[in-house]
Amino acid sequence: MRYLPLTEADRQSMLEAIRAETVDVLFRDVPEAARLAGPIGGLPNHMGELEVERLLGAMAAKNLPAGAVPSFLGAGAYRHHVPATVDHLVQRGEFLTAYTPYQPEVSQGTLQVLFEFQTQVALLTGMDVANASMYDGATSCAEAVMMANRITRRKKAILSGGLHPHYRDVTTTDARFIGFEAVAMPPAPTGGEDLLALVDDKTACVVVQNPDVFGHVRDHSDLAAACQAKGALLVVVVTEALSLGLLTPPGDMGADIVAAEGQSFGNALNFGGPYVGLFAVKDKYVRQMPGRLCGETVDADGRRGFVLTLSTREQHIRREKATSNICTNSGLCALAFSIHVSLLGEAGITRLAQLNHAKAVQMADRLAAVPGVELLNDGFFNEFTVKLPKPAAAVVEDLAKRRILGGVPVSRLYPGEMEDLLLVAVTETNTEADMDAFAAALTEILGAEVPA
Amino acid sequence: MSMNNQGRPSAIPAASAGFDGVTGTVTGNRGLQIEEPLIFEQDSAGRTGVDLPEVPKVASRLGAVKPRAGVGLPGLAEPQVVRHYTRLSQKNYAIDSGFYPLGSCTMKHNPRLNEKMARLPGFSDVHPLQPVSTVQGALELMDQLAYWLKTLTGMAAVTLAPAAGAHGEMCGIMAIRAAHEARGDKARTKILVPESAHGTNPATAAACGYAVDAIPATADGRVDLEALKAKLGPDVAGLMLTNPNTCGLFERDIIAIAEAVHAAGAYFYCDGANFNAIVGRVRPADLGIDVMHINLHKTFSTPHGGGGPGSGPVVFADSLAPYIPVPYVTHGTDGFALVENAGDGPAFGRMKAFHGQMGMFVRALSYMLSHGADGLWQASSDAVLNANYVMARLQDVMTASFEGPCMHECLFDDRFLKGTGVTTLDMAKALIDEGFHPMTMYFPLVVHGALLIEPTETESKASLDQFVDALRALAERAKSGDAAYFQAAPRLTPRRRLDETAAARKPVLRWTPPVAKEAVAAE
Ligand SMILES: Cc1ncc(COP(=O)(O)O)c(C=O)c1O
C-alpha cells in the first residue's frame, strides 16, 4: 500500500521492541466481540491511482460543470474566474499540509496570512476587526445572532425576509436548540419591507442581507440608527463578497456585525463547499467574537511576529463558557480568498465589481425585453429576480436540456412558493454570446406560453 | 478597546541602518529565511495582478446605494504576489516537510491524488443549486461516501452536512435533543462529559442549551464507570465520550457504559476524532454508540490547510436515524434525489448553507478507495503499532501517564521534568530546533503538563527512531540541569519565542494605514 512506509521487517522489529507478539495484542482493550477478525466486509480492497482516477473520473463525468455552458447561477454561490496563481499557491505543501498555527515559531507563514486576511476583510466590510474565518456565510450569520444575544443580553432576533432562506434556517435551527427567538419575516421579492417598526427594547439584533436574496441593494443606515436607539445590534449579511468592491460597505451604514460568505474570492463552486465565512465587528465587541484571531506581537529578539490571540474566548480554554464551539475553521479557503484579493488589489477589485454590475445590467435588460418577462429590481449588483409567465423550475429544466444553466428558481429555495420567479446572477465569466444564448433560449421556451 | 498605535519595527530594516543586530545581515534575511513585509507594505497605487477587460458603458443601477469611494487595498503585480506567499509558506512547518506528531490531530500524509480528484471540473465547477439532473455524479459520490462511512461504523444513517468535528458534535447533540423532545421528554437538561474531553465537547453541549456535568477518570485513564452510573438519571440527555479517548486509550468498559447510558434513557454520543486507531478493525455500532462524528480531515487525510477546512459527517444508529438535518441524498425513481427541506418530517433543521464540504468528500472517498478494506486494516494497525513503539522507546526516560498498550497516540506528563526547571513548553520548543513539529502540549487536562504524541501510520520507522533519539537526548539534557538551553529555544526558527501576553494585552488584529496610525496617535 503506497501510503504505508513500514515494511514487514520493520513491523517485526518494532513488535519486539514493544514486547508484543502481534499487533492484535495491542487491541486487547477492545471488547472481544467488537474486534473484527480481518478486513471489513462489503468494501473493495486497495486500488492504484489509475483505478481510483477511473472510478472518480466516471462520477465527475456525470455532472455538467458550470463552466462548460452558459451559467447564471448565484443565490449564495458565485462562479468567478480564479487566477491560476491562487490554486498554485494554496497547493504549496507548507500551507496545505500544516495544522492550525499552535506553534507560532514554525507557523509564521500561516499567521501572517491570517493577519492580512483579517485586515482585508475589515477593509472590505468597512469594519474595525475581522476573525480568522468561520465555516461559511450561513454559520457566520447564526454566530452573529448568538453574539448579539450575548452582548445585549436579549433573546430576540429579527430576520429580514431578504435573508437567504438557508441562512435563515441555520439560524432558526440554532434558535430552536439554544433557546432564543428568531422572528423570520416573510420573503419580500419586490423589496418592500419595514423592519424599523419591529425593533423594540427586547430585540437583540436585526439581520438584513445586502444585496438581499432577491438581489435588491439597500442603504441600511436608517435601520442602523433605529437599532442603536433601541439598544439592538444590526447584523449585515453579504453572500456576494464581490459586491463589497462597489457598494457602500456595511460598516459605513452602521453595521455592528458583518457575517459574509467569501467564496467569490479564490474559491471554486465545489458543489457548495468548502467555502469561507467572514466575520467582522466593531472594535468594542472583539472579546465577544467567535473563532480564532491572529494578532501582532514581537519575539524574544524584538522582531515583529504573529500569534493566535485572545483565546480565552475559545473552547480549548473556556470550555462550556466559550463564545462558540468552533475549532477547525476554513483556513485554506481564507488563504485562497486572501491571495485573490491581493492579486486584484484596489484597482482590480473596483474594476471587477464594476464589470459584474455592468454585465448584470446588460443581462437584465435583455431578459426584460423577452415577452412576458418582468424585472423585479430597481437596484441590484450582479444578481436580480425576474418574473416569468411559467413556473421557473420547469423553465430551468428546459434550459438545462439546451445546455444553459439559467439561474435558480426561487421555489428551489422556498418550496411551493413564488414559483414564477427566477434568480439570475451574472459575473465576469459570462460572455456576450452566453447572454444572447440565454435570452434567445428563454424567448423560445416562453414563446408558446405567452398570451397574445 | 484601542488599537496599538506605537508601531512595531517593520519586518525589513532599511539597508542604511547597517547590519542587523539579530541576524548579522544587512537585510535581516538569513540565507533561505527571507523576511517578508506585510502585503499592505508593498503597495503601489494603480498596480494590479489581474488584467480585466474594459467595463461596458452602461448606466449603473445601484438603486439608493452609492458606489463606495475605495476599499484601501494595496496594488501588487502577479510576480510580487507569488513571491509574497511563497516566502510566507517557507516559514511554516508542514506534514510534507517533516514529522508532525500532534496528538489528537492525526497529521498523516495528504495524498496528492486526492487534490487532483477534487479539482476535476465535474466536482469543483458544479454549483450547489444546479438542476439535480445535471449533478447525478456529485450525488453518487456523496452516496458512495455515505455507504463507506456506514459500513466502516456499522451505523444506520449518516449526514454529510457538518463542516468540521465541532460542527458534527453540534449536529449530534441537536439530534439527541430532537429525539428526546419528540417523545415529549423535556426533563433532560444535562450532558455528561469526561474531564479529559476536548474543549469542543463541553462547548457544544453548552451551545445546545445543556448543562455540562464532568465525570472523573480512574487511575488508569478511563471513565469511572461507577461515578458515571451515579450521575445518570432522568435529567441526563446523553453522554459525550471520546473513544479511543484523549489519553490514547480504549475505553475498556465501553459496552457497560453504553448499557448504563441507555438504561437511563439517555443517548451515547461518541467523539470520533480518534477513529484512526480503529477504522476498519472495529465498528462503533458494535460498541453501543448511538451517534458519532468523524473528522474527514483527520482519519481520512483531507489536508488541514493551516486550520481548515474540515468536514465532520455524523453517523447515527437506528434510534436517532430519523433526526438528521437536511439536506441528504436519496435514491429516487429517476436516479439520485436531494432532500433540501425539512418540511414536516423529523429532520431537525439545517446546519450549513449548502450540502456540506463536497471538496472534502471527494478527497476522503479517494483516500478510502485507495486503501480499500485491506489497506484501512493495515493503516489502523500501523498507526497503533507506531504509537506503541514510540511509547516503548521513551518509557524509561519520560513518564508515561498510563499503562499501555496505547492506541494511536501515547500520553506522557511532565513528572520526568520535575525539578529540572524545564517545562513541557520548553521541551516542545527544543524539539522545534531539532527539526520536528512538537507533540500536542497541555492537552488532555487530566494529567500535568501533557505531551501527547500521535505518529500516524504514514511515518517510517527511521523517522520515528530519529524523533525518539532526539527526544531521549533532550530528556537527558533536561535532567542534567541545562534548563537555560531549553528556555532559550527555539533558536533556529524564523522567529524566536513570541510574546503572547503582549499580544493579548493590547491586541493588534489588523494592519492600519500609517496615516490613520499617526492621526490616532496625535489625538
Ligand atoms: C478529540 C477532539 N474532539 C473534537 C475536535 C474538534 O474537531 P474540529 O477541529 O474538526 O472541529 C478535535 C480537534 O482538534 C479533537 O481533537
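The values are calculated or read from the model by the stated rules, or taken from the named source; none is laboratory data. Bear in mind that the values here come from a model prediction, so they are computed numbers and not experimental data. FYI the Cβ positions are ideal-geometry reconstructions off the backbone, even for glycines, and counts take in every protein chain you see. Areas reflect the complete protein model, heavy atoms only, side chains present, ligands, DNA and RNA absent. Shrake-Rupley method; radii C 1.70, N 1.55, O 1.52, S 1.80 Å.
Side notes on the structure shown:
- Radius, Kirkwood style, for segment B:296-338 when every pair of distinct Cα atoms is counted (Å): 13.0 Å
- Distance between the pseudo-spin-label points of B:H331 and B:A69 (7 Å out from Cα toward the beta carbon): 6.3 nm.
- Taking Cα atoms only, the orientation of helix A:137-152 departs from the longest principal axis of chain A by about 90 degrees.
- Gyration tensor (Cα) of chain B, equivalent ellipsoid semi-axes in angstrom: 40, 35, 23
- Angle between chain A longest axis and helix A:49-61 axis [Cα atoms, degrees, rounded to 10]: 20 degrees
- Helices meeting the span-like rule in chain B (full DSSP H runs, Cα extent of at least 24 Å along the helix axis, mean Kyte-Doolittle score of -1.0 or higher): B:136-153, B:165-182, B:358-394, B:461-479.
- Gyration tensor (alpha-carbon) shape descriptor, segment A:84-340, a/c threshold 1.5: prolate
- Between the helical axis of A:8-18 and the longest alpha-carbon principal axis of chain A there is an angle of about 70 degrees.
- Cα Rg over Rh - segment A:1-146, Kirkwood: 1.09
- Part-to-part distance (alpha-carbon centres) for segment A:190-228 and segment A:272-314, which is given in Å: 29 Å
- Taking every Cα-Cα distance in the protein assembly as shown and sorting them into 10 Å bins starting at zero, the pair-distance distribution P(r) comes out as 2, 12, 22, 25, 21, 12, 5, 1, 0, 0 percent.
- For segment B:268-340: rounded, prolate or oblate by the Cα gyration tensor [a/c cutoff 1.5]: oblate
- Neighbour count of at most 10 Cβ within 10 Å plus DSSP loop: longest trypsin sites (Lys or Arg not before Pro)-free window in chain A: A:154-452
- Packing here is the average count of other Cβ atoms within 10 Å per residue, and on that basis the peptides B:147-153, A:268-274, highest first, run A:268-274, B:147-153.
- When the Cα gyration tensor is reduced to axis lengths a ≥ b ≥ c, the ratio a/c is 1.5 or higher for segment A:240-284, and with a/b not above b/c it is classed as oblate.
- Dimensions (Å) - segment A:345-452, Cα atoms, principal axes, largest first: 47, 29, 25
- Cα centroid separation, segment B:427-483 to segment A:93-155 (Å): 30 Å
- Proximal lysines to B:K231, defined as alpha-carbon separation beneath 23 angstrom and excluding residues fewer than eight positions away on the same chain: A:K321, B:K186, B:K190
- Anchor A:K359: lysines whose Cα lies under 17 Å away (excluding residues fewer than 8 positions away in-chain): B:K57
- Straight-line reach from B:K91: taking Cα to Cα under 26 Å and skipping same-chain neighbours fewer than 8 places apart, the lysines in range are B:K108, B:K116, B:K298, B:K429, B:K506.
- Note: segment B:114-368, Cα convex hull, 120 Å³ per residue.
- Gap separating the Cα centres of segment B:156-198 and segment A:47-69, nearest whole Å: 35 Å
- Spherically averaged projected area of segment A:175-266 from its Cα convex hull (nm²): 6.7 nm²
- Cβ-derived FRET efficiency at R0 22 Å, B:A227 paired with B:A187, nearest 0.05: 0.50
- Counting only heavy atoms of the protein chains and using a 1.4 Å probe, B:Y85 has close to 0 Å² of accessible surface.
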